[in-house]
Amino acid sequence: MCGIFGLAVYNWRKLQVGRETLFSALGLAVLSGIMVAAYTTFDAYGIRQMPDPLTFVFWFFAIDSITIPLFVFVWVRQGKLSLSAIRPLVARGLAGAVLAPLSFGCVMMATRLDSVGIAAALRKTSVLFAAFIGVLFLKETVGPRRVCLMALIVAGAILINVG
């Protein structure tokens, strides 16, 4: 928690944000936390109710496989998106279609087999892996203070699992 709070304070000090923007941003952050708690609880409840946990994962992605193409279809019809813009993304989309259920399935199995809190803490560290990938492959810059704060977040997740 100290790592997340420290990162928030660091970003707050570096950003020039007016009071009206700050309060609405804090409200959205709280709402985001509530939504994360809600979907984590829903996922844990759903995966534990299924006799076969793969059933939950299957239906989760089956529903998404309907909604996402529907949105794309609507955006193409409205002229907000062109087919030529979609073509280069097809291979990445297919890779995601294979990797996402595997990744989500592993997280759901951890949620089913162990404490929801532990699985949720590990699930949220994926943001840190995304930051690491951004630095490593996309050459994004992250200063030493942010690296230390992110390391503190990882240490907290490790402590949750060890303790």
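Please specify each residue of the range 117-129 satisfying the condition of being in a helix (DSSP H, G or I) and within 22 Å of residue 38 (Cβ to Cβ).
If the condition is that a residue be in a helix (DSSP H, G or I) and within 22 Å of residue 38 (Cβ to Cβ), then 117, 118, 119, 120, 121, 122, 123, 124, 126, 127 are the ones that fit.
Within the group 112, 123, 146, which residue is at pLDDT below 85, of a type outside the set (Ser, Thr, Tyr) and touching a Phe, Trp or Tyr at 6+ places or on another chain (Cβ under 8 Å)?
146
Cβ contacts < 9 Å: first residue in a helix (DSSP H, G or I), restricted to the range 22-46; second residue polar (S, T, N, Q), any location; separation 6+ or different chain. Result?
Listed by first residue and then by second, the contacts come to 40/111; 43/111; 44/111.
Which pairs do you get when a residue that is in contact (Cβ under 8 Å) with a residue 12 or more places away in the chain and closer than 26 Å to residue 119 by Cβ, found in the range 135-157, comes within reach of a residue that is surrounded by fewer than 10 Cβ atoms within 10 Å (Cβ to Cβ) and not basic (Lys, Arg), reach meaning Cβ atoms under 7 angstrom, with the pair 6+ apart or on two chains?
So the pair list comes out as 156/1.
Here's the yes/no breakdown for (1) of a type in the set (A, V, I, L, M); (2) closer than 30 Å to residue 9 by Cα; (3) surrounded by 13 or more Cβ atoms within 10 Å (Cβ to Cβ):
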residue	(1), (2), (3)
52	no, no, no
62	yes, no, no
67	no, no, no
75	no, no, yes
116	yes, yes, yes
121	yes, yes, yes
128	yes, yes, yes
134	no, yes, yes
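Among the residues that make up the range 78-90, is at least one of them under 26 Å from residue 33 (Cβ atoms), among the small types (Gly, Ala, Ser) and out of contact with any Ser or Thr (no Cβ under 8 Å at 6 or more places or on another chain)?
no
Could we say that residue 137 is farther than 25 Å from residue 54 by Cβ and out of contact with any Ser or Thr (no Cβ under 8 Å at 6 or more places or on another chain) here?
When the stated conditions are applied, residue 137 passes them.
If you go through the range 33-51 one residue at a time, do you hit one that is of a type in the set (A, V, I, L, M), modelled with pLDDT of 85 or more and farther than 30 Å from residue 156 by Cα?
Looking through the range 33-51, at least one residue is of a type in the set (A, V, I, L, M), modelled with pLDDT of 85 or more and farther than 30 Å from residue 156 by Cα.
The values are calculated or read from the model by the stated rules, or taken from the named source; none is laboratory data. Nothing here was measured: the structure is a model prediction, and the numbers come from that model. Ideal geometry is used to build each Cβ from the backbone, glycine not excepted, and the neighbour counts take in all protein chains shown.
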